[in-house]
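J.: Below is a structure I'd like to ask you about.
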Amino acid sequence: LAKVKGAKADPIWIRERLGLTEFEVENALERLQRLGFLKIEKGKLIRTAEPIRTNTDVPSSALRSHHEQHLKNACKKIYEVELDRREFSSMTMAIDPSKIPEAKKLLLKYKRKIANLLETDNPTDVYLFSVNLFPLTNEESQ
């Protein structure tokens with residue numbers, strides 16, 4: 001949100017823009033400042049660190065929780081956000097699971113291309129881009 005045009009270090013403005021509670025905003029601002037990711041100067045939010053990137057294929061309860069929060073939020077946005085401001089799509093297919101590593105590499109490249117396209121010098125909104133690939137079938141017992 002700090003990169004959005006007109007970003008303010010005002011908890012009420014942040015709460016309204018992100019749909020969070022006052023407690024969540026105050027907690028996040030305190031934590032981000034304490035960790036050195038954000039500072040507040042002259043009433044403005046200033047990002048002081050590069051975006052956080054995680055290694056792929058590393059199990060983490062924090063990352064699982066992060067992904068779960070985004071999926072729950074996506075469920076709400078299906079009903080709250082007009083079609084011209086969102087894109088949800090899926091495709092069910094029978095696959096060869098041995099090709100998953102190659103598919104994950106393609107998804108990572110695609111994600112970077114999308115970010116390069118959308119992250120301009122004049123951002124006005126914060127969006128989440130999510131692509132999901134997971135099995136609908138349970139593993140066969142041997």
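The values are calculated or read from the model by the stated rules, or taken from the named source; none is laboratory data. No experiment lies behind these values; they were computed from the predicted model shown. Neighbour counts are summed over all protein chains in view; Cβ atoms, including those assigned to glycine, are modelled from backbone coordinates with ideal geometry. Just so you know, the surface numbers come from the protein's heavy atoms only, side chains and all, with ligands and any DNA or RNA stripped out. Shrake-Rupley method; radii C 1.70, N 1.55, O 1.52, S 1.80 Å.
J.: Might you check whether a residue that is part of a strand (DSSP E or B), of a type outside the set (Gly, Ala, Ser) and within 30 Å of Leu106 (Cα to Cα) occurs anywhere in region 44-56?
T.: yes
J.: Looking at (1) open to solvent by 100 Å² or more (accessible area, probe 1.4 Å); (2) free of Cβ contacts under 8 Å to residues at least 12 places away in the same chain, can you tell me which one Lys44 breaks?
T.: So Lys44 meets the others, but not (2).
J.: Another one. Looking at Glu68, Glu87, can you tell me which residue is open to solvent by 80 Å² or more (accessible area, probe 1.4 Å), without any contact (Cβ under 8 Å) to a residue 40 or more places away in the chain, assigned to a helix (DSSP H, G or I) and not β-branched (Val, Ile, Thr)?
T.: Working: Glu87 fails: assigned to a helix (DSSP H, G or I).
Of Glu68, Glu87, the one residue that is open to solvent by 80 Å² or more (accessible area, probe 1.4 Å), without any contact (Cβ under 8 Å) to a residue 40 or more places away in the chain, assigned to a helix (DSSP H, G or I) and not β-branched (Val, Ile, Thr) is Glu68.
J.: Checking the conditions here, which among Glu87, Glu102 is out of contact with any Cys (no Cβ under 6 Å at 6 or more places or on another chain) and under 29 Å from Lys8 (Cβ atoms)?
T.: Result: Glu87 is the single residue among Glu87, Glu102 that is out of contact with any Cys (no Cβ under 6 Å at 6 or more places or on another chain) and under 29 Å from Lys8 (Cβ atoms).
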